[in-house]
Amino acid sequence: MTYRLPALAGLLVALAACTPGQRQAPAAPAALTAQAQTRGTAGGEVESGVLVVDAADPAAARVVGAAAMGGLELYALDGRRLTAAPAGEAVAVDVAYDVPLGDARATVLAAIDALGHRLRFFRLEGDTLSEVGARPLALGFAAEGVCLLRSRLDGSLHAFVVGDGGEIDHHLLFGTAEGKVDARQVRRIHLPSPLKQCVADPVASTVYVAEEAVGIWRFSADAEADVAAVLVDSPRLGGLEEEVGGLAIHDGGDGARWLLASDASAGRINVYDIERDEAFVGAFTVAPADGPGAAIEEPGPLYAAGAGLGTGLPHGALLVTDGDGGDFKLLSIADVAGAFGLDPGTGQDPRQRPRPETVTVTALVETAPVASYGDAADDPAIWAHPTQPEKSLVIATDKKAGLYVYDMRGEVLQFLPDGKMNNVDLRDGFELGGERVTLVAASDRTRKAIALYRLDPEAGTLVDVADGLQPTGMQDPYGLCMYRSPRDGATYVFVNGDDTAKKQWRLLDAGGGRVRTQLVRELAFDSQTEGCVADDAAATLYVGEEDVALWRLSAEPDGGDEKTAIDRIDANPAIVDDLEGASLYDLGDGRGYLVVSSQGDDTYAVYRREEPQEYLGSFAVVADPELGIDGISETDGLDVSSRNLGPGFAHGAMVAQDGRNAMPVENQNYKYVPWRAIAEALGLEVRGE
């Protein structure tokens with residue numbers, strides 16, 4: 001499965017709304033002169049290049065050029081060619097710093113080899129380039145450019161490869177124990193025509209791509225988010241004449257972040273202010289550094305380094321590929337700023353790893369994808385086997401088709417095509433026909449009813465035990481959770497619909513191995529609710545009013561409608577609507593944690609179970625490239641257990657629905673996260689120690 005960006009025609013109206021200054025290029029671009037230029041490549045061909053900075057000695061920065069059949073060539077800032085490394089037909093290159101390789105950290109270059117249409121990796125030590133790819137990484141298309149991005153969320157390294165057929169391949173890179181670089185494909189995005197270059201903006205977690213004859217696109221670099229494609233500029237509608245030849249980003253810190261684009265057919269380079277929605281600032285030409293001469297006729301791929309590069313380049317440089325000259329021109333960022341009255345800002349060290357925005361963990365297991373396409377998986381419930389933890393189960397919904405039963409390896413044991421089951425929960429110890437059974441309840445949107453099942457623990461299957469249709473009286477029931485009263489042992493189910501109502505039913509043995517419902521209570525909220533969880537020991541119900549707050553109220557049928565806000569969305573910036581799934585981690589003796597899905601920012605908020613129930617922190621679930629399991633995003637439902645659930649989950653787990661299942665892109669599924677990992681990330685306790 002791939003993503004396709006919107007067609008250009010669908011975005012013309014949006015572009016027309018841009019300011020006139022953004023759409024109209026100046027008649028006479030500023031004329032700037034390069035500070036330096038490299039010698040021509042050995043073979044006379046030049047494709048693209050990067051600047052590799054050296055913080056210890058800024059003047060020791062290097063230019064690494066992709067020189068077609070000449071491979072990768074290394075230059076000093078004064079233009080001297082220092083060395084070269086075979087790289088097939090090198091057509092593009094980018095650099096990343098502080099990449100963990102075995103026990104060391106290294107400066108790594110990613111290069112596109114057009115001979116094998118593959119991605120290759122090189123380590124730069126001093127002036128020596130050595131190949132460090134763990135294996136051949138065939139791309140399967142004619143690649144034209146590559147750009148690297150360090151995630152602000154967890155520091156992971158990502159590569160975006162653009163191709164002649166409009167392909168945008170997203171890969172997650174990682175170092176192996178053997179000191180090599182490996183990668184996993186995360187997703188593929190498509191544009192309709194050839195792409196030349198891309199550039200990544202780690203600050204905004206976005207990627208810009210140059211679609212040669214169409215314009216400049218921006219999209220989200222986060223695989224766990226919408227592509228959110230935006231057309232930044234386009235020929236005839238904007239500041240571009242005909243063909244985009246390359247892109248770069250100057251990062252001078254707040255107030256000094258620009259996108260630079262080579263308007264190749266016009267022989268100029270455009271400047272856009274990133275912090276003003278890429279407003280067009282102006283354009284300039286680049287003349288050679290070695291005396292009077294005509295400006296570059298068709299500037300190609302670009303690269304910008306905002307860090308100081310010694311005398312003459314205190315604010316960094318823009319590297320411009322000159323295909324006709326067969327070399328690279330270095331232009332002072334200070335000169336660009338001066339031409340347009342811009343502040344060049346303060347040089348940002350590209351070797352500095354971003355500070356993580358939140359603590360992160362990874363999943364140990366993921367389930368097979370649900371069969372239904374689109375937004376289908378929704379809510380899981382964990383069942384812990386009382387004597388054989390490895391036989392524990394996860395029951396989960398496909399809200400377009402039915403119920404799944406998974407084992408602790410994520411494999412499907414049963415699928416029941418019983419209708420649009422939205423939420424699911426379970427309780428052990430329900431007395432049915434003189435036997436204690438595990439009862440499972442699900443909200444059935446097909447029949448607007450409560451579906452009821454008995455779990456067969458040995459077979460790992462569900463058996464329908466509903467005493468006929470158990471209607472909810474709701475137009476669209478979907479939120480559901482169960483409760484067992486400490487007062488009399490009665491078992492209840494709460495259901496809400498697509499309005500403000502929430503109802504409570506008691507579950508009763510109807511005889512003949514069947515279960516029926518009895519309505520005992522009706523509640524109302526001011527707006528939509530869905531996620532809920534009951535604390536059986538405390539006789540308490542927690543309800544997420546999606547856009548408002550997390551509420552606490554009595555779970556007993558005679559408990560009234562008084563409720564207390566545990567947290568409000570407008571009071572805590574760490575939670576972002578919608579509030580969705582909720583569950584409890586039980587430490588015993590009334591202690592533990594309440595976990596809630598903050599769907600709007602793909603995180604999970606943790607609160608203390610006992611008074612005063614303060615907010616303890618949030619965590620995100622990110623990809624594990626070695627296991628090949630992606631992160632979790634847009635979570636609807638989740639469940640948490642403190643029981644021993646077998647190998648890897650001795651202290652329990654969180655199981656959560658993943659709204660975007662990537663690496664590779666497949667239908668939605670569920671991820672299993674060890675509680676110990678969450679506890680270590682946030683300094684929480686685990687049960688059993």
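Taken over segment 629-645, the criterion of being within 18 Å of residue 546 (Cβ to Cβ), in contact with a Phe, Trp or Tyr (Cβ under 8 Å, 6 or more places away or on another chain) and of a type outside the set (Ser, Thr, Tyr) is satisfied by 638 alone.
Of the residues making up segment 476-495, one or more are free of Cβ contacts under 8 Å to residues at least 60 places away in the same chain and farther than 29 Å from residue 592 by Cα.
Note on segment 500-542: enclosed strands (runs of 3 or more DSSP E) holding 2 or more residues that are among the basic types (Lys, Arg) are 501-511, 514-524. For residue 528, the criteria (1) out of contact with any Asp or Glu (no Cβ under 6 Å at 6 or more places or on another chain); (2) surrounded by 15 or more Cβ atoms within 10 Å (Cβ to Cβ) hold in every case but one, which is (1).
Counting only residues that are at pLDDT 95 or above and touching an Asp or Glu at 6+ places or on another chain (Cβ under 8 Å), segment 343-363 holds 3 of them. Being under 31 Å from the mean Cα position of the chain (by Cα) and closer than 22 Å to residue 52 by Cα, is that true of even one residue in segment 319-333? Looking through segment 319-333, at least one residue is under 31 Å from the mean Cα position of the chain (by Cα) and closer than 22 Å to residue 52 by Cα.
Among the criteria (1) closer than 30 Å to residue 573 by Cβ; (2) without any contact (Cβ under 8 Å) to a residue 60 or more places away in the chain; (3) out of contact with any Pro (no Cβ under 9 Å at 6 or more places or on another chain), the one residue 522 does not fulfil is (1). Among the listed residues 324, 290, which satisfies the condition of being on the phi < 0 side of the Ramachandran plot, out of contact with any strand residue (DSSP E or B) (no Cβ under 7 Å at 6 or more places or on another chain) and not small (Gly, Ala, Ser)? Among 324, 290, only 324 is on the phi < 0 side of the Ramachandran plot, out of contact with any strand residue (DSSP E or B) (no Cβ under 7 Å at 6 or more places or on another chain) and not small (Gly, Ala, Ser). Restricting the search to strands (runs of 3 or more DSSP E) fully inside segment 63-134 and requiring at least 1 residues that are farther than 24 Å from residue 353 by Cβ and of a type in the set (Phe, Trp, Tyr) gives 72-76. Restricting attention to segment 638-648, does a residue exist that is buried (at least 24 other Cβ atoms within 10 Å of the Cβ), touching an Asp or Glu at 6+ places or on another chain (Cβ under 9 Å) and either aromatic (Phe, Trp, Tyr) or more than 21 Å from residue 425 (Cα to Cα) (or both)? Checked segment 638-648: no residue is buried (at least 24 other Cβ atoms within 10 Å of the Cβ), touching an Asp or Glu at 6+ places or on another chain (Cβ under 9 Å) and either aromatic (Phe, Trp, Tyr) or more than 21 Å from residue 425 (Cα to Cα) (or both). May I ask you to verify whether residue 406 is aromatic (Phe, Trp, Tyr), over 23 Å from residue 389 (Cα atoms) and modelled with pLDDT of 95 or more? Criteria not met by residue 406. Being hydrophobic (A, V, I, L, M, F, W, C) and modelled with pLDDT of 95 or more is the filter; apply it to segment 211-220 and report the residue that is surrounded by the fewest Cβ atoms within 10 Å (Cβ to Cβ). The extreme case among them is 219.
Within segment 205-223, the set of residues being touching a Ser or Thr at 6+ places or on another chain (Cβ under 9 Å) and not in a loop (DSSP other than H, G, I, E, B) comprises 206, 207, 210, 211, 215, 216, 218, 219, 220. Taking each residue of segment 346-363 that is over 15 Å from residue 249 (Cα atoms) and without any contact (Cβ under 8 Å) to a residue 60 or more places away in the chain and looking for partners that are among the charged types (D, E, K, R) and not in a loop (DSSP other than H, G, I, E, B) with beta-carbon atoms closer than 8 Å, six or more apart or interchain, yields nothing. Give the residue that is farthest from residue 643 (Cα to Cα), with candidates limited to residues of segment 409-428 that are in contact (Cβ under 8 Å) with a residue 60 or more places away in the chain and surrounded by fewer than 24 Cβ atoms within 10 Å (Cβ to Cβ). Taking the candidates together, the pick is 410. Taken over segment 678-689, the criterion of being surrounded by fewer than 20 Cβ atoms within 10 Å (Cβ to Cβ) and either hydroxyl-bearing (Ser, Thr, Tyr) or part of a helix (DSSP H, G or I) (or both) is satisfied by 680, 681, 682. Screening the candidates 521, 487 for the property of being buried (at least 19 other Cβ atoms within 10 Å of the Cβ) and either among the aromatic types (Phe, Trp, Tyr) or assigned by TED's automatic domain parsing to the domain that holds residue 382 (or both) yields one hit, 521. Taken as a whole, the structure places residue 430 among residues that are touching a Ser or Thr at 6+ places or on another chain (Cβ under 7 Å), of a type outside the set (A, V, I, L, M) and at pLDDT 95 or above. The residues in segment 180-204 that are modelled with pLDDT of 95 or more and assigned to a loop (DSSP other than H, G, I, E, B) can be counted, and the count is 1.
Here are the criteria: (1) at positive phi; (2) buried (at least 23 other Cβ atoms within 10 Å of the Cβ). Tell me which single one residue 73 does not satisfy. Condition not satisfied by residue 73: (1). Scanning segment 263-286 for residues that are of a type in the set (Ser, Thr, Tyr) and at pLDDT 95 or above, we see that the one that is surrounded by the fewest Cβ atoms within 10 Å (Cβ to Cβ) is 285. Annotation note: of 510, 537, the sole residue that is closer than 26 Å to residue 641 by Cβ, hydrophobic (A, V, I, L, M, F, W, C), assigned by TED's automatic domain parsing to the domain that holds residue 676 and touching a residue at least 12 places away in the same chain (Cβ under 8 Å) is 537. Set side by side, the residues 181, 199 differ, and just one is more than 19 Å from the chain's Cα centre (by Cα), under 15 Å from residue 146 (Cβ atoms) and buried (at least 19 other Cβ atoms within 10 Å of the Cβ), which is 181.
The values are calculated or read from the model by the stated rules, or taken from the named source; none is laboratory data. Since the structure is predicted, the reported quantities are computational estimates derived from the model, not experimental observations. Cβ coordinates were reconstructed from backbone atoms using ideal geometry, including for glycine residues, and neighbour counts include every protein chain displayed.
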